[in-house]
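The values are calculated or read from the model by the stated rules, or taken from the named source; none is laboratory data. Given the structure is predicted, the values throughout are model-derived calculations rather than measurements. Note that each Cβ is placed from the backbone with ideal geometry, even for glycine, and that neighbours are counted across all protein chains shown.
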Amino acid sequence: MNKSTKLRQLVTAILEGPSLHSHQVNAAQKTFTALESKVRAVVTAAEMQAGKSGIALALCCLQRLSLSNEDICDRKQLKDTLYLVTMPDTALRDQAEEDLKQAKNVVVSNFINFEKALENEFKGNPPKLIIIDECHYGSNVAAVRYSKIFDYLEQENDECKVVFISATPFGALYGAETEYEELMELKQEAQETENNDLVKEAQEAAENILKDSILRRDFNTRLVFHKTSDEYYGVREMLKNGMVKGLESETRNFMMQTFERDELIKQFLNHEGMGWSLVRVPPGAAMEAKHLLIEKGIPAESIYILGNSLSGVPEDEHCSIERFKKEFDEAVDFEDKLIAITVAGARAGINFGAMMKNNLISTWDSTVASVAAVVQANVGRACGYHGNNTSTHYTNLNATEAYAAILDHLENTCSEHAASDFDGLREFFEDVCQEYQVNGLDVGLTIKYKKRRPIGDVETYKVDSYVAVPGKLLDENVDYNYYTSDPLLLSAIETIRREFTAKGAPSVKGSRAMRGKAKNWIKAHWVNGDSYDNPEKARADGTQKEKTILYTKMLDEKEYLEFNRVVAAGSGERSEDKSVVAAVFSTYNISRRKVNKTMMTREDVAEMCDYFGIDHDDTMMVIYKRGEYDLERSLLKKEHNQLPDKKGELSDESHFSDVVEHI
């Protein structure tokens, strides 16, 4: 047996050995295959605790096997892969070294020591592959920036490829571009107020931010989704089993007496045998939470506060994660129950292991910020390969459902082959955030300064009028002049009809949206079986059915109706940019949420048609026209949102901040 064959067999033994599962190797192979031709960057999206370290190990092996027979036999070329942990946490780096120790060709480091690792470990033989773990931590100002990596790849090592791995890479994908847009808006407003220092600061920050985007066009970035095996238990499985319980604004505060909080405590107290619960509260509330749990009958010695230097927590009350794991191991022997309290801002990436996951009773999470912040926290820690499908999770239901919808989409579009339509993905992500009414995919930049635009949809208008019409999507030419003679409303009707029929006969869709120029002046609410009359989807004015009846009744009775109220602007939208709002009730709309009723029935649509006295159809729409500008209400909103004068500044938010403030 020659030397190259022997060395290849050693690497192949790792790929086929007990340390790796077939789904991890498959994901690595798809990722490595995507790094062909001019593609220099691949983003691999893998669910929480689904085995990202295994994918990384398999990638190291594939990189080693890709060497020529001559190169693989050259010991000086052994080190050819650099694995970077984005966070400076030494425990994460040590864990990565342990996970990847079988791969002799990888060097583990972090961003702080990036240049030092290149200088000391790759003398005369620059890395051929760089793997960056948990790339979502590069999505805000305080976190890691990728410019120095890309500068190295462009200026010093133009043959090296890079793989980004994360369960929630959304912020890293679009965070830089979003921040750039916000900074340009800030620059414009600073120019209007002649704040020259802030103009310069915003311009410099904007130029630097674009350098950090992992979607650098000249790298031809691709996206691969890691499809788990049937044994995996994640967010989608939790939702399917009904184990995610929604916390709304009035029930999220752990210190308030609510049915949800009492149910969690009751589950814990009634649980037989060994078990533990994980409670996540806002910073500064950890000791309050501990005292409350003691009052409810849980022994003080069974409650641990995880973290260091936490506000309001005495030094002797702090408990490291490593110590808590040891306490858990002892509790198993004595069949004791424990509660771990953590706070927003505590690092994610914790792997509790199968034993802790199998004995998890419940979790509580008060996070409200974004999809990534919610699913990377308590719910994410409970995901993985284990046998516990009975633990209950009290958290942001909308955010977990949004993440499940994203996973479904990624699985359908890029689990078999790498995807490159990032503009389409961004549009899909924005639709998901709007449908599930979440703040966003990830935490980005917060900008504060003296004369900034007040938060909120302040430029206010009244509703002029409305019209209700059947869709008649199967009819080519329909004369809507019977219903209205208003040119704007007639144009809106035809534009909405084309959204359903642009590709021929209308079909069922779960991500319908106005396209092209239409989205600049039409705001459409695509009503499906879930949003039609499900109380869980109701907001201040009720379900889509209830609010439509309410709004039109107000207009019929000549009551004042604010156009902004009907628009329900979100995701950076402003009512002043919309000329009409349409509530579109159709059997062709479908919810991506896992609910009993995802689509409207023809009877549902007929019910709405009857209310407005129009012909029965499978689709009908109620369209509101924007009316006069309301100066008085606009001024009141601006005064209400006026902040005290303060020096302009660019500030940043923690990746898991509980309160996220956007311009």
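Just a few scattered comments:
- Hits in region 368-389 (condition: in a loop (DSSP other than H, G, I, E, B) and more than 13 Å from E237 (Cβ to Cβ)): V368, A369, S370, Q376, A377
- Test for L82: is it surrounded by fewer than 24 Cβ atoms within 10 Å (Cβ to Cβ), aliphatic (A, V, I, L, M) and in contact (Cβ under 8 Å) with a residue 24 or more places away in the chain: no
- Number of the condition not met by D486 [criteria: (1) surrounded by 15 or more Cβ atoms within 10 Å (Cβ to Cβ); (2) more than 22 Å from E576 (Cβ to Cβ)]: (2)
- Strands (runs of 3 or more DSSP E) contained entirely in region 218-312, each with at least 1 residues that are farther than 30 Å from T33 by Cα, among the hydrophobic types (A, V, I, L, M, F, W, C) and touching a residue at least 24 places away in the same chain (Cβ under 8 Å): 244-246, 275-281, 303-306
- Scanning region 25-43 for residues that are over 22 Å from F150 (Cα atoms) and basic (K, R) returns a single hit, K30.
- Checklist (1) surrounded by 19 or more Cβ atoms within 10 Å (Cβ to Cβ); (2) outside any helix (DSSP H, G or I); (3) modelled with pLDDT of 90 or more applied to A58, failing item: (2)
- G440 being in contact with a helix residue (DSSP H, G or I) (Cβ under 9 Å, 6 or more places away or on another chain), buried (at least 21 other Cβ atoms within 10 Å of the Cβ) and at pLDDT below 75: yes
- Region 384-432, subset among the aromatic types (F, W, Y), modelled with pLDDT of 80 or more and surrounded by 19 or more Cβ atoms within 10 Å (Cβ to Cβ), residue farthest from K245 (Cα to Cα): Y403
- Summed over region 480-514, the residues that are assigned to a loop (DSSP other than H, G, I, E, B), over 26 Å from G627 (Cβ atoms) and not β-branched (V, I, T) give a count of 9.
- Consider region 575-600 and keep the residues that are of a type in the set (V, I, T) and buried (at least 24 other Cβ atoms within 10 Å of the Cβ). The one that is farthest from K509 (Cα to Cα) is V580.
- Count - residues of region 104-125 that are assigned to a loop (DSSP other than H, G, I, E, B), touching a strand residue (DSSP E or B) at 6+ places or on another chain (Cβ under 9 Å) and at pLDDT 85 or above: 2
- Selection within region 348-372 - more than 25 Å from V85 (Cα to Cα), modelled with pLDDT of 80 or more and either touching a Ser or Thr at 6+ places or on another chain (Cβ under 7 Å) or β-branched (V, I, T) (or both): L360, I361, S362, T363, D365
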